[in-house]
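J.: Here it is, the structure in full.
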Amino acid sequence: MDKQRIRELEEMIQVVLLAIPREISAREFYLQAARKAFSDSSRGLFSELAEQEKGHEAELRRILAELKSELIKVRGQ
């Protein structure tokens, strides 16, 4: 068992777990801004930014799954 790698993976998992709610919050912020925007161009911009945040969240969830999988493997060695 590689204790150093386990610590690294656990740290990375914690960072990703902190980042996911921030992406959700940012998405909600942009969606709210889009709803309040006066112009079509502003609504479009904020909607696009919200979609990007949604993509960031999905990517972080994918990374989280990979990190957890690797942690299980490393602990099993």
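The values are calculated or read from the model by the stated rules, or taken from the named source; none is laboratory data. Treat the numbers as computed from the prediction; the structure is a model and nothing was measured. Glycine gets a Cβ as well: all are built from the backbone with ideal geometry, and neighbour counts include every protein chain shown.
J.: Kindly indicate whether any position in the stretch 27-41 is within 13 Å of the chain's Cα centre (by Cα) and modelled with pLDDT of 95 or more.
T.: Among the residues of the stretch 27-41, at least one is within 13 Å of the chain's Cα centre (by Cα) and modelled with pLDDT of 95 or more, which makes the answer yes.
J.: Within the stretch 1-10, track down each residue that is under 16 Å from residue 72 (Cβ atoms) and either among the polar types (S, T, N, Q) or free of Cβ contacts under 8 Å to residues at least 60 places away in the same chain (or both).
T.: 3, 7, 8
J.: State which residue is surrounded by the most Cβ atoms within 10 Å (Cβ to Cβ) when the search covers only the stretch 22-38 and only residues that are closer than 17 Å to residue 59 by Cβ and among the hydrophobic types (A, V, I, L, M, F, W, C).
T.: This residue is 26.
J.: What are the pairs, 6+ residues apart or on separate chains, where a residue within the stretch 19-36 that is free of Cβ contacts under 8 Å to residues at least 24 places away in the same chain has its Cβ under 6 Å from a residue that is assigned to a helix (DSSP H, G or I) and surrounded by 12 or more Cβ atoms within 10 Å (Cβ to Cβ)?
T.: 30/46; 30/49; 30/50; 31/50; 33/46; 34/43; 34/46; 34/47
J.: Right, another one. Considering only the stretch 52-60, I want to know if a residue exists there that is touching a His at 6+ places or on another chain (Cβ under 6 Å), assigned to a helix (DSSP H, G or I) and either surrounded by 11 or more Cβ atoms within 10 Å (Cβ to Cβ) or at pLDDT below 95 (or both).
T.: no
J.: Within the stretch 31-57, how many residues are closer than 26 Å to residue 19 by Cβ and among the polar types (S, T, N, Q)?
T.: The total comes to 3.
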